[in-house]
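Single-structure report; data block below.
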Amino acid sequence: MKIALVTGASSGLGQKYAEYIGEIFPEIEEIWALARREIRLKALAEKITVPKIVPIECDLTKDSDIEKLRQRIRAKSPEILLLINNAGCGFHGAFEASSEEEQLRSIALNVTALTQITRMALDYMPEGARILNTSSIASFVPNAYMSVYSATKAYVTFFSRGLNEELKKSGRSVTAVCPAPMNTEFLTVGHIQGNSKTFERLPYCDVGKVARAALIKAKKRKSVYTPRAFYKFYRILVRILPDWLLVKMAKT
Ligand SMILES: NC(=O)c1ccc[n+]([C@@H]2O[C@H](COP(=O)([O-])OP(=O)(O)OC[C@H]3O[C@@H](n4cnc5c(N)ncnc54)[C@H](OP(=O)(O)O)[C@@H]3O)[C@@H](O)[C@H]2O)c1
């Protein structure tokens, strides 16, 4: 069985990935769609019939759920042709005033779970397989008032690029997609909506366009993809401007 494994498929970007996988990767027979809200995953499975969606209720921050996933993969022994590590969260606000539980949850989800799933999936990823990791423009420069989130996304981009180099010799690849703000539940879950002037001023990315283009870039084995010309230019500026200025500019 040739499968794609997609985390965070119950909303936003993850749901859009699921919608476009059939078009960009027609060889994939099943999408294993992971998230906590099973009801959303079941609704997605009714909407998308090719490839078949397999809803898997899973809290990626819970060791017991990670273990269940490991056992499921071991039992079914699928060929994982595409792994999309997309589930993520980030919380806006002064670190000192923030909830320790929320900050640790974003590290557990964005860093630990992503690393665990990549490690367990790789044993089932044949030559030619691809990994697509959802990072962020927040990975380019430390973001004051979302400092934990931007640090987790710096990990995602660095890990993706390093692993991409390691996997080349086995014909597999890793792509990090670095979107700018998108209109998804991320903004409300992360207390961003109504609290960040930066998020109000920045140009937004269209979720569907990001998902489709990121899948195409993964197919072409590009190591980093930054949607929208404005943010490609930002990525160039990051290499030119002094660090102290960038950190001031990138306050959320
Ligand atoms: N929206 C933006 O402005 C933006 C910008 C740059 C990058 N990103 C990145 O894009 C990715 C997708 O986010 P989004 O914008 O699509 O936001 P979203 O709609 O909030 O999606 C987040 C997804 O992660 C899942 N998730 C959260 N906690 C989980 C957990 N403990 N276990 C399993 N799944 C969990 C959610 O499903 P359940 O709640 O059902 O578990 C949901 O499907 C994230 O990595 C985010 O950091 C977002």
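The values are calculated or read from the model by the stated rules, or taken from the named source; none is laboratory data. As the structure is a prediction and not an experimental result, all values here were calculated from the model. Note: ideal-geometry Cβ built from the backbone for every residue, glycine included; neighbour counts use all protein chains shown.
Annotations for the structure displayed:
- Within the range 76-91, being closer than 23 Å to residue 21 by Cβ, of a type outside the set (S, T, N, Q) and not in a strand (DSSP E or B) holds for 76, 78, 87, 88, 89.
- Listed by first and then second residue, the pairs with beta-carbon distance under 7 Å, at least 6 apart or on different chains, first residue in the range 138-158 and touching a residue at least 24 places away in the same chain (Cβ under 8 Å) and farther than 15 Å from residue 176 by Cβ, second assigned to a loop (DSSP other than H, G, I, E, B) and aromatic (Phe, Trp, Tyr), are 149/91.
- Among the residues making up the range 64-102, those that are within 14 Å of the ligand (Cβ to nearest atom), surrounded by 13 or more Cβ atoms within 10 Å (Cβ to Cβ) and among the charged types (D, E, K, R) are 65, 68, 102.
- Hits in the range 103-120 - residues which are surrounded by 18 or more Cβ atoms within 10 Å (Cβ to Cβ) and over 29 Å from residue 21 (Cα atoms): 103
- Test: residue in the range 121-129 that is surrounded by fewer than 19 Cβ atoms within 10 Å (Cβ to Cβ), of a type in the set (D, E, K, R) and more than 18 Å from the chain's Cα centre (by Cα): yes
- Candidates 76, 169 - the one that is of a type in the set (D, E, K, R) and touching a residue at least 60 places away in the same chain (Cβ under 8 Å): 76
- Residue ranges of strands (runs of 3 or more DSSP E) in the range 1-57 with at least 3 members at negative phi and within 8 Å of the ligand (Cβ to nearest atom): none
- Listed by first and then second residue, the pairs with beta-carbon distance under 8 Å, at least 6 apart or on different chains, first residue in the range 34-62 and over 25 Å from residue 111 (Cα atoms), second among the polar types (S, T, N, Q) and within 15 Å of the ligand (Cβ to nearest atom), are 44/10; 44/15.
- In the range 83-95, the residues that are more than 26 Å from residue 219 (Cα to Cα) form Cβ pairs under 9 Å with partners that are modelled with pLDDT of 95 or more and of a type in the set (D, E, K, R), at six or more places apart or across chains, as follows: 90/153; 91/102; 91/105.
- Some residue of the range 132-146 being under 12 Å from the mean Cα position of the chain (by Cα), closer than 21 Å to residue 70 by Cα and crowded, with 16+ Cβ neighbours inside 10 Å: yes
- Reported count of residues in the range 184-220, each being among the hydrophobic types (A, V, I, L, M, F, W, C) and touching a Cys at 6+ places or on another chain (Cβ under 9 Å), is 2.
Yes/no matrix, rows are residues, columns are (1) at pLDDT below 95; (2) on the phi < 0 side of the Ramachandran plot; (3) surrounded by 15 or more Cβ atoms within 10 Å (Cβ to Cβ); (4) not in a helix (DSSP H, G or I):
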{"residue": "203", "(1), (2), (3), (4)": "no, yes, no, yes"}
{"residue": "210", "(1), (2), (3), (4)": "no, yes, yes, no"}
{"residue": "214", "(1), (2), (3), (4)": "no, yes, yes, no"}
{"residue": "217", "(1), (2), (3), (4)": "no, yes, yes, no"}
{"residue": "221", "(1), (2), (3), (4)": "no, no, yes, yes"}
{"residue": "230", "(1), (2), (3), (4)": "no, yes, no, no"}
{"residue": "234", "(1), (2), (3), (4)": "no, yes, yes, no"}
{"residue": "245", "(1), (2), (3), (4)": "no, yes, no, no"}
{"residue": "248", "(1), (2), (3), (4)": "no, yes, no, no"}
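- Condition met for residue 134 (within 11 Å of the ligand (Cβ to nearest atom), within 26 Å of residue 32 (Cα to Cα) and either of a type in the set (Val, Ile, Thr) or modelled with pLDDT of 95 or more (or both)): yes
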